[in-house]
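Step one of this worksheet: look at the structure below.
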Amino acid sequence: MSGAIEFRNVFFNYAEKAVVTAISLSIEKGQFVGIIGGNGCGKSTLMKLMNGILLPDSGEVLVEGMNTGNEEFIFEIRKKLGMVFQNPENQIIASTVEEDVVFGMENLGMSVKQMEINLQEVLDFVGLAGKRFKNPNTLSGGQKQRLAIASVLAMNPDHMVFDEPTSMLDPHGAKEVASLFLRLKEAGKTVIVSSHDMNELVNCDRIIYMENTGIVYDSKPQTVFRKLRNSEYIEITPSLMENLRIR
Amino acid sequence: MIEYKNVDFTYSRNTPFSQKVLENFNLKIESGENIAIMGKTGCGKSTVVKLCNGLIKPDNGTIEVDGLKTTEKKTLMELRKKVGLVFQYPENQFFCPTVSEEIGFALKNFGFADRVEEMTEKSIRTVGLSHDFLGRSPFRLSGGEMRLVAIASVICWEPDYIFLDEPTAGLDFRGRKKISELIRNLNEYGKTTVTVTHNQDFVKSNMKRIVHIKNGLKFFDGPVEEYSFDEDI
């Protein structure tokens, strides 16, 4: 049985430097997965391989059975799997909130009626319904990142990948964004998130810990965090462990 | 000493998108201080940083660094040698093909041409990266590594005042500890550090004075011990 997102013995190098080595991985639809690890361990590369922004040097990445290396599938893959990046400033392209959300849907050729329905639905979901006609420049960091999420969500992907979506935000904004992950999972989406703040990942079904270009641990949060208690790269606080115990 | 006197600043002035960010803002930073600037996204923190070396000019008021005005063209080079600025988004500040050229660029500009190698080596080690990074492209680093290189490319010429805009964003645990250590070391050598950050734990354990900006005004300015940390900042 194959997962919704599947890596088969994937290798990737940047200019002769190995970034991702021998990764095999299967993520089921609807899973909430956290990806953690030190700077430069390969997290972002792993995520960019998922929708064909990067292609493996060897091995293959499949999204619902479609190979990212096959150009015929790339449009379909990107429709199924949406990505949100660290810096919301680099993802917002329009001059009003509404236009930004609609842009992706227009590219997919949705009907005006459908776009209107989706627009209202996603703005409600991320809590920006009142900002529909505002200029994105007037939004706070957390609001901008939620707008970026809404714009991806509007295209109705089954899987959503977030590469450190909260690291540029203030604590309030980070909370606003992190609270969406669980709700997205509840809405049936596959949610894949990388973060340096373990508190955002306590609700994950599964945590993947990477070190030195490979996957070292892949298990429940409790198990992985316990193993990383003395890690150089991951901060495991007593309050985090306490938080997990109560769950 | 750096002094902001009655500073007003508005983005996109005289356009429909005009946005007032700072109003009658005053701030004195003494030599050797260790300050955190805090406040919500959009409150004007980064604007304060960009004003300090004349990247943007105030609408009203003045900013002086050791008596040099940021609006005075003749002394701008001298002023910029005194003030190092590490931006929030490191990928926007790189333009050289290798990390060593990136770091060496400022060194050559500021008259250290004969010490480039030694000073480059020292600064890359100070941020906790190995010598191997010097030959790599800054654009092909991970987000966290980029940030460390950006910091190295500013501390390398040993400016007296160092402004760090969100230096721990995107860094792993080890990187965050490295930055704490770096700030401590800089202060020990008599350097002034001004750190814009949202990371409250980082402030509690590393900073001495907090300046909290709210709606373009100073909301709090005093020692860390007197500041009441609240989740909502």
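All of the numbers you see were taken from the coordinates with simple rules; none came from a lab. In this text the structure is predicted, and so the values were computed from the model without any measurement. Because the Cβ atoms are built from the backbone with ideal geometry, glycine has one as well, and the counts that use them run over all protein chains shown.
Listed by position, the strands (runs of 3 or more DSSP E) enclosed by segment B:180-233 that each have at least 3 residues that are within 14 Å of chain A (Cβ to nearest Cβ) are B:209-214. Checking the structure you have, find out if any residue of segment A:36-45 is of a type in the set (Val, Ile, Thr), within 14 Å of chain B (Cβ to nearest Cβ) and either in contact with a strand residue (DSSP E or B) (Cβ under 6 Å, 6 or more places away or on another chain) or crowded, with 22+ Cβ neighbours inside 10 Å (or both). Yes - at least one qualifying residue is present in segment A:36-45. Take the conditions (1) more than 14 Å from every other protein chain (Cβ to nearest Cβ); (2) assigned to a loop (DSSP other than H, G, I, E, B); (3) exposed (fewer than 15 other Cβ atoms within 10 Å of the Cβ); B:Glu117 misses just one of them, which is (2).
Filtering segment A:219-234 to residues that are more than 14 Å from chain B (Cβ to nearest Cβ) and either touching a Gly at 6+ places or on another chain (Cβ under 8 Å) or surrounded by fewer than 15 Cβ atoms within 10 Å (Cβ to Cβ) (or both) leaves A:Ser219, A:Lys220, A:Pro221, A:Gln222, A:Thr223, A:Arg226. Tallying residues that are part of a loop (DSSP other than H, G, I, E, B) and either more than 15 Å from the chain's Cα centre (by Cα) or among the charged types (D, E, K, R) (or both) within segment B:32-75 yields 14. The set of residues in segment A:39-89 that are part of a loop (DSSP other than H, G, I, E, B), of a type in the set (Gly, Ala, Ser) and under 17 Å from A:Ala4 (Cβ atoms) comprises A:Gly52, A:Gly65. Here A:Pro171 fulfils each of the conditions (1) away from chain B (no Cβ under 14 Å); (2) surrounded by fewer than 21 Cβ atoms within 10 Å (Cβ to Cβ) apart from (1). Taking segment B:124-140 only, how many residues are surrounded by fewer than 23 Cβ atoms within 10 Å (Cβ to Cβ) and either aromatic (Phe, Trp, Tyr) or in contact with a Pro (Cβ under 9 Å, 6 or more places away or on another chain) (or both)? Selection size over segment B:124-140: 3. The number of residues in segment B:144-154 that are at the interface with chain A (Cβ under 7 Å from one of its Cβ atoms) and in contact (Cβ under 8 Å) with a residue 40 or more places away in the chain comes to 0.
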